[in-house]
C-alpha cells in the first residue's frame with residue numbers, strides 16, 4: 001500500500017512537472033533588420049503558450065541597461081517570462097548597444113530611436129499576431145533602458161500607449177562623464193543644448209494629462225533615486241497622472257527582477273482597461 005501511494009505521488013509530481021513544461025511561454029531569439037543603420041540586430045521575443053490560438057495580442061517592449069544586451073532580461077531575471085502566459089502578452093527585448101536609445105547627432109551608426117520605435121515595431125507587427133496600435137503597445141526598461149522607454153514613449157505617443165521605467169536615468173545631466181553618453185551626444189561642456197534637449201526630465205512639455213499611462217519605479221538606495229524623485233515631483237506639479245513606486249533597493253538585478261512584475265501588471269491593467 002505504501003509503495004502504491006508513493007508511486008501515485010511520484011506520478012502526480014511528474015504530471016505537474018510535465019504540465020508546467022507544456023504550458024510555458026515560448027522564448028525565441030530573432031534577427032531583425034535596421035534599414036537606418038544597415039545591419040541585423042538580435043532580439044528576444046517571448047510569446048504565450050496559447051499564442052497559436054490567439055487573434056491579436058498586446059506587446060511590451062522591454063529595454064536593457066548600459067553594458068547589457070538583448071538577452072539580459074531572460075538570463076538575469078529568470079522566471080519573469082511567465083508573465084507572457086499570465087497576461088497573454090508578447091514581450092520583446094531588443095538590443096540597444098549602449099545607445100541610450102537615441103538617434104545620435106554625432107554618430108550616424110547609432111539610430112536606435114528610429115530602430116526601436118519604428119523599424120522594430122513594424123517588424124514585430126509583420127511577424128506576430130499583435131494589436132497594431134498604441135492601445136496594444138507598452139515600453140519599459142531598466143537604467144539606460146528606463147531612460148530609453150520614457151524618451152521613446154514621450155516622443156512617439158502615437159506608437160506607445162503605456163510606458164514605465166525601473167531605476168531609470170531620467171535626468172542625464174548630473175552624469176556628464178558616465179556610460180558613453182558623451183560618445184552619443186557630444187561632450188556636455190561643448191554641447192549643453194543637446195544634452196538639455198535629450199534628457200527625459202526636460203521633455204514633460206510633450207505630455208498632456210492621460211496622454212500616456214506611466215509607472216516610475218526606483219529604489220531608495222539607487223544612485224538614480226534623486227532624479228526619479230524629481231521626475232515624480234515635476235509630473236505631479238504638471239498634474240500628469242502617473243504611478244510612482246519608491247521602496248528600499250539598489251541598482252541591481254535583485255531589484256529589477258522584482259520590479260518587472262509590477263511593470264507588467266501595470267501594463268496589463270492598461271491593456272485590459274482599453275478592451276472594455
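Take 208, 130 and order them by how many other Cβ atoms sit within 10 Å, fewest up front. Provide the component values of the computation, followed by the final result.
On the way: 208 11, 130 20.
With the sparsest Cβ surroundings first, the list reads 208, 130.
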| query | Computed FRET efficiency, Cβ-Cβ of residue 272 and residue 175, R0 51 Å: what is it to the nearest 0.05? | reply | 0.85
| request: Compute the acute angle (0 to 90°) between the alpha-carbon long axis of helix 144-155 and the principal axis of greatest extent of the alpha-carbon atoms of the chain; round to the nearest 10°. | output: 70 degrees
| message | What do you get for the angle between helix 225-237 and the principal long axis of the chain? Use alpha-carbon atoms, 0 to 90 degrees, nearest ten. | response | 80 degrees
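Could you sort 159-171, 33-45 so that the peptide with the highest average Cβ count within 10 Å comes first and the rest follow in order?
159-171, 33-45
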| field | Percent RCO, i.e. relative contact order, over the chain, from Cα pairs under 8 Å lying at least 6 residues apart | value | 16 percent
| remark: Here the FRET efficiency for residue 261 versus residue 205, based on Cβ atoms and R0 = 30 Å and rounded to 0.05, is 0.40
| So how far apart, in nm, are the two label points at residue 31 and residue 247 if each is 7 Å from Cα heading toward Cβ? | 4.1 nm
| task | Any chance you could give the angle, 0 to 90 degrees and rounded to 10, that helix 2-22 forms with the longest Cα principal axis of the chain? | result | 30 degrees
| message | Rounded to the nearest angstrom and ordered from largest down, what semi-axes does the equivalent ellipsoid of the range 42-166 get from its C-alpha gyration tensor (root of 5λ)? | response | 23, 16, 12
| query | How many angstrom lie between the C-alpha centres of the range 85-107 and the range 121-141? | reply | 12 Å
| query | In nm, to one decimal, how far is the residue 53 label point from the residue 221 one, both placed 7 Å along Cα→Cβ? | reply | 4.4 nm
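Would you work out the Kirkwood radius for the chain? I mean one over the mean of 1/r across all pairs of different Cα atoms, in Å.
19.4 Å
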| Fully extended, how many nm does the chain gain between residue 40 and residue 132 (0.36 nm per residue separation, minus their Cα-Cα distance)? | 30.8 nm
| Cα centroid distance between the range 227-275 and the range 43-75, in Å? | 19 Å
| Given the range 42-275, what percent of its DSSP beta bridges are antiparallel, to the nearest 5? | 20 percent
| task | Would you calculate the separation in nanometres between label points at residue 190 and residue 71, each defined as 7 Å from the Cα along the Cα-to-beta-carbon direction? | result | 3.6 nm
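Place the peptides 218-226, 185-193 in order of packing, highest mean first, counting for every residue the other Cβ atoms within 10 Å and averaging per peptide.
Answer by packing, highest mean first, reads 218-226, 185-193.
Laboratory data are not the source of any read-out in this text; all were calculated from the coordinates shown. Bear in mind that the values here come from a model prediction, so they are computed numbers and not experimental data. We place every Cβ from the backbone using ideal geometry, glycine too, and count neighbours over all the protein chains shown.
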